[in-house]
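Here's the structure, in structure tokens; my notes come after.
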Amino acid sequence: MSDTTNQSNDTPQGENGRQAQKGPIIPKSPSEALRPERVPEPPKRSKKARGQVVLFLNFIMTMAVLVCVVAVIGFYYATSTYRNPGPLQTNTNFIIRNGAGLAEIATNLERNAIISDARIFRYLTATHLSAGESLKAGEYEIKARASMSDIMELLKSGKSILYSVSFPEGLTVRQMFNRMLEDQVLEGDLPAALPEEGSLRPDTYKFSRGTKRSEIIQQMAAAQQKIVDQIWDKRDSSLPLRSKEEFVTLASIVEKETGVADERAHVASVFLNRLGKGMRLQSDPTIIYGLFGGDGKPADRPIYQSDLKRDTPYNTYVIKGLPPTPIANPGKDALEAVANPWKTQDLYFVADGTGGHVFAATLEEHNANVKRWRKLEADKGSDPNIAVDGQPEEQPADDGAAVTPPKKKKIN
């Protein structure tokens, strides 16, 4: 071959078969030989487009971080405020009206400076109330420095301030109604028609602000019915009483006759013995009820001898047997005394001058007791026209036959 041909074959070929540039051959180390050849860079995006995307993404990320930080700080502040002591300096009463919602309650709490932020109380309290739970109406005593959490627990519990109204044994229905009208915490009107005499239980009743007077009356009636039924079912089977009405009527007379607890069963035995012998009961409290009704006798008005002859349906000095209705609302002790009286032969009793009574089985004994009582009253300068506290001197009943009380509707 010629030299030209050899030179052609010895010339190195470049990429795509193109002839490489001529020049000295530089030897490469094995590592350099294995290193990849430089790849051409992709075409660059415009600086304008790249700047807008980056700025938008940076804005989104910054806002997300800020929102998270603010949320964490806000949650910490809200929960701390909810649980930390509140601004109230002294104990105070707070009233929730019936039907008040959480927003109204929270606003009123803030308005009264009991809490510092109504919104925090409203929203965090809502998270603590499960389905069906609510803050209950009533009047509450909020302690000084109470936290929102403490207030929420109190209002949720319903442990509101309790008031009370008391009705002593022996009051009439009208007297009980007057007491309820005088109570400034109770609300609502009283029924136009009075319940039956003897149908309301004397007791102390607790209630919260907002309670209606009609609700107390319902409680009293239900309580009296319950106790009457219980005691009547355990009565002495030999009682000459045919119905619960008669039972309550006699208990009301016993209630008004004596305030000495140990005497009630003894007084009951006297009246039951007199009923059994057909004798008039001759009870002073029945005269009073016949004269003054449910309003009661004025404190400065004594019972005169002339009152004993007043013809009223309740004057047991005139009528035989029991009066047509109870003369007051008897308590539990008077009911139990009539249901299970003492077993005595006594037919009379009269005041002993010390607040109690002295009892007698015969007219002779009784008349002696009456004279003794009259002397005590005369020594005090009392008006001799005032009637005896108890049966006066008398003659036995016209006949010894038992008197049949008027028929009355039985209570089941």
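The values are calculated or read from the model by the stated rules, or taken from the named source; none is laboratory data. In this text, all values refer to a predicted model and were calculated from it rather than measured experimentally. Virtual Cβ from ideal backbone geometry, glycine too; neighbours counted across all protein chains shown. We work out accessible area using only protein heavy atoms, side chains counted, and drop any ligands, DNA or RNA first. Shrake-Rupley method; radii C 1.70, N 1.55, O 1.52, S 1.80 Å.
Some observations on this one:
- When the chymotrypsin sites (Phe, Trp or Tyr not before Pro) in region 193-274 are filtered for DSSP coil states and for at most 13 other beta-carbon atoms within 10 Å of their beta-carbon, no site remains.
- Efficiency of FRET from Cβ geometry, Asp352 and Thr90, R₀ 60 Å, rounded to 0.05: 0.65
- Reciprocal of mean inverse Cα separation for region 282-374 (Kirkwood radius, Å): 15.0 Å
- Rel. contact order, % - alpha carbon contacts under 8 angstrom, at least six apart, region 227-317: 24 percent
- Among the listed pairs Lys256/Lys343; Lys206/Lys297; Lys244/Lys343; Lys256/Lys371, those beyond 25 Å (Cα-Cα): Lys206/Lys297
- Counted by Cβ distance under 13 Å from Asp233, the other residues give a net charge of +1, where Lys and Arg count +1 and Asp and Glu count -1.
- Normalising the average separation of contacting C-alpha pairs (under 8 angstrom, six or more residues apart) by the number of residues puts the relative contact order of region 275-324 at 48 percent.
- Using C-alpha pairs under 8 Å with a sequence gap of at least 6, the mean separation divided by the residue count of region 303-369 gives a relative contact order of 16 percent.
- Globularity ratio of region 111-252, using Cα Rg and 2.2 N^0.38 Å: 1.51
- Calculated on the alpha-carbon coordinates, the convex hull of region 219-342 measures out at 108 cubic angstrom per residue.
- Built amide H within the under 5 Å cut-off of Ile142, gap 5+: Thr92, Asn93, Phe94
- Highest to lowest packing among 69-80, 279-290, scored as the average C-beta count within 10 Å: 279-290, 69-80
- Amide hydrogen neighbours beyond the local backbone of Tyr304, cut-off 5 Å, H modeled: Ala387
- Span from the region 270-337 Cα centroid across to the region 133-157 one, whole angstrom: 52 Å
- Surface analysis of region 53-162 yields an accessible area of 63 Å² per residue, using protein heavy atoms and a 1.4 Å probe.
- Inter-site label distance for Lys206 and Ser237 at 7 Å from Cα along Cβ, in nm: 4.1 nm
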